[in-house]
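Remarks on the structure that follows.
Coordinate-derived values only; no laboratory data. Since the model is a prediction, treat every value here as computed from it, not as a measurement. Virtual Cβ from ideal backbone geometry, glycine too; neighbours counted across all protein chains shown.
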Amino acid sequence: MSVKLPLKIAKVLKEMSNGVIVGASTAKHAVIEELIAEGVLERRGRVQKKVFLVNQKGLDLFLKNKFGIHHLPTYISRMEADNSERNQLVAAASDSKLKYQRSFKGFLINAYEPISCLYQGEEQTLEFRDGIYQFMANYEAFVPNPTITIVGIENPENFRFIHRQRYLFNDYRALFVSRYPQSQNKDLIRWLQSIPNAYLHFGDFDFAGINIYRQEYQKHLGDRASFFLPSGLDKLIERHGNRKLYNQQNLNKKAILENEESLERLITILHKHKKGLEQEILIALDTST
């Protein structure tokens, strides 16, 4: 049986998408905890804790890539109409823990130039073609040349069209890895921890993107991790930024450490323009001009 989002949790997420603030006791599930950790949901309160949505786009992307849900209300309607499937979902979630079945171990990789590496102890060169990704299943045996920077891409569209964004990474020899699909066992993070390469996070330029970087990557990789800021970002956010990304998101200040220059610059720009910017804009724009 493939992984499904339990109907009860789907309904709770739909309520929060409609602006409802729900009680924490209503939103108890592994999926809720994962969304809180990613900065998509936020939980507040000391005595009577409440949970609410702070990043609608992040929720949509999470549901699409993790569960194949493109439209939450439609998913709920179908689950309600299928009683047998509904019973299976309730049984699968009876202990308040989502049970995963891993079809694949590993993660997607991509590049716009050949990548030298050690694979199973032998020197090799990986070749890539535009539109064709490679899936690295035996990642324990994969060690890129240490001069290569690993660039983690947050959104699938940017990972797909890396050739259109080559202008952003002229100063790097880059191997791109995709945040999605994520595995329960955190294969990508385990691999990043096992290699010496620098990690560069390429995500959305907003508070949610900062939270994802700090909570999923920087806390595991320390000084080897940095947040990518393209040249001309100040003007990009001024011209193309979205005020909703600023007004509807919250920065997890506990996750922000001092003396990380790139994040301090980004936060200053966000507050200056009171806008955020989705990284997809960079697929079509050349900030070097």
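Ranked by the mean number of other Cβ atoms within 10 Å of their residues, highest first, the peptides 200-207, 38-45, 267-274 fall in the order 200-207, 38-45, 267-274. Kindly work out what percent of the DSSP beta bridges joining two residues of the chain are antiparallel, to the nearest 5. Around 65 percent of the beta bridges assigned by DSSP in the chain are antiparallel ones.
Pairs with C-alpha atoms separated by more than 32 Å, drawn from the list LYS50/LYS105; LYS14/LYS186; LYS219/LYS244, are LYS50/LYS105.
Lys/Arg Cβ at +1, Asp/Glu Cβ at -1, dipole of the chain taken about the Cα centre: which of ILE212, GLY232, GLN279 is farthest positive-ward? My answer, from the dipole projection, is ILE212. The label-point distance for LYS64 and LEU229, in a model that sets each label 7 Å from Cα toward Cβ, rounds to 2.8 nm. Between TYR172 and ILE267, the FRET efficiency estimated from the beta carbon spacing at R0 = 25 angstrom works out to 0.60. Taking the Cα centre of the chain as reference, the dipole from Cβ charges on Lys and Arg (+1) and Asp and Glu (-1) amounts to some 1300 debye.
Determine, for each peptide in 9-16, 136-143, the mean count of other beta carbons within 10 angstrom over its residues, then list the peptides with the highest first. Don't jump to the answer; show the numbers that get you there.
Numbers: 9-16: 20.0, 136-143: 16.0.
Output ranking for 9-16, 136-143: 9-16, 136-143.
Centroid-to-centroid, using Cα positions, segment 1-78 and segment 136-178 are 30 Å apart. When the Cα gyration tensor is reduced to axis lengths a ≥ b ≥ c, the ratio a/c is 1.5 or higher for the chain, and with a/b not above b/c it is classed as oblate.
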